[in-house]
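Comments concern the structure below.
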Amino acid sequence: MNNQLKGLIYFYMVDIRHSLKVFWIILLSILMVSIAFGYYIKAIDGGMMTFSLTGPIYIYCSIVAFISVREYIPFAIKMGATRKNIFISIGIFFLLLSAVKAIVASLLQELVLFLITGIGIDGFYFLHLAHFIDDTWYIRIGMDIMTIFFAMSFMFMLGLIFYRYGFFGGGITLGIVGVMFLFGIATGWIVDFIAEIISHLDMLFFIQLFAVGIFFYFLSFFILKRMTIVKMR
């Protein structure tokens with residue numbers, strides 16, 4: 001790995017530290033409140049409380065990927081980085097962020113379940129798609145890495161479209177996606193597709209999702225290589 005790649009990846013990691021701290025402080029605060037509420041409703045009426053760690057993580061990483069276009073790429077170009085190195089460094093950054101988020105979320109879930117079981121709290125549960133397959137820590141990590149990378153690749157390409165072609169180009173893209181989605185709902189094939197996925201959910205689906213994410217990311221290079229530091233409006 002050349003020095004320019006190392007420098008770009010280091011810059012991304014340093015830049016994201018503050019938002020990561022804020023994200024985890026907020027998420028852990030909500031988690032603690034949810035655990036306390038779960039204990040309360042269990043003691044009062046025997047109810048239960050559910051919580052998702054991965055949902056907020058997916059959303060956060062998607063936002064990071066979208067804003068990375070205007071935050072990282074113009075700066076890297078001004079510093080003299082080549083489009084190829086920018087493309088490779090952001091891809092590595094996305095993979096690293098996906099892996100770290102997935103590992104931390106899985107370990108945190110295991111730790112919290114261990115602690116609340118030890119103190120007798122049994123009205124609190126975590127939600128995760130791994131429940132449909134095999135809810136083990138390594139399955140969760142694999143699913144999350146592939147899902148996060150797919151979401152980041154899609155949002156990165158969308159961010160590039162908005163940056164390169166302005167709100168007009170981005171609006172047309174979102175409009176086409178929206179029309180296709182509404183058409184799919186009207187004809188029923190989207191509902192059938194989702195039902196089919198849920199009923200036959202396995203790791204192969206997430207591997208395919210990861211492959212689509214890789215395709216989106218490589219496709220984004222054709223937009224990235226023509227980018228300038230001037231943002232279209």
Item to complete: Return yes when Ile190 is out of contact with any helix residue (DSSP H, G or I) (no Cβ under 7 Å at 6 or more places or on another chain), modelled with pLDDT under 70, under 24 Å from Ile214 (Cβ atoms) and surrounded by 11 or more Cβ atoms within 10 Å (Cβ to Cβ) and no when it is not.
Response: no
Worksheet entry | Residues satisfying the stated conditions in the stretch 88-114, i.e. without any contact (Cβ under 8 Å) to a residue 60 or more places away in the chain and either charged (D, E, K, R) or touching a strand residue (DSSP E or B) at 6+ places or on another chain (Cβ under 8 Å) (or both) | Lys101, Gln109, Glu110, Leu113
Discussion item. It is to be established whether one or more residues within the stretch 105-120 are modelled with pLDDT under 85 and not in a helix (DSSP H, G or I).
Written reply: yes
Item to complete: Restricting attention to the stretch 115-131, report how many residues are touching a residue at least 12 places away in the same chain (Cβ under 8 Å), open to solvent by 30 Å² or more (accessible area, probe 1.4 Å) and either under 18 Å from Gly213 (Cα atoms) or more than 18 Å from the chain's Cα centre (by Cα) (or both).
Response: 2
Discussion item. Of everything in the stretch 101-114, what is of a type in the set (A, V, I, L, M), in contact with a helix residue (DSSP H, G or I) (Cβ under 9 Å, 6 or more places away or on another chain) and either at positive phi or open to solvent by 20 Å² or more (accessible area, probe 1.4 Å) (or both)? Give them in sequence order.
Written reply: Ile103, Val104, Leu107, Leu108
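The values are calculated or read from the model by the stated rules, or taken from the named source; none is laboratory data. Nothing here was measured: the structure is a model prediction, and the numbers come from that model. Heads up, the Cβs are rebuilt from the backbone with ideal geometry, glycines too, and the neighbour counts pull from every protein chain shown. SASA here: full protein model, heavy atoms, side chains in, ligands and nucleic acids out. Shrake-Rupley method; radii C 1.70, N 1.55, O 1.52, S 1.80 Å.
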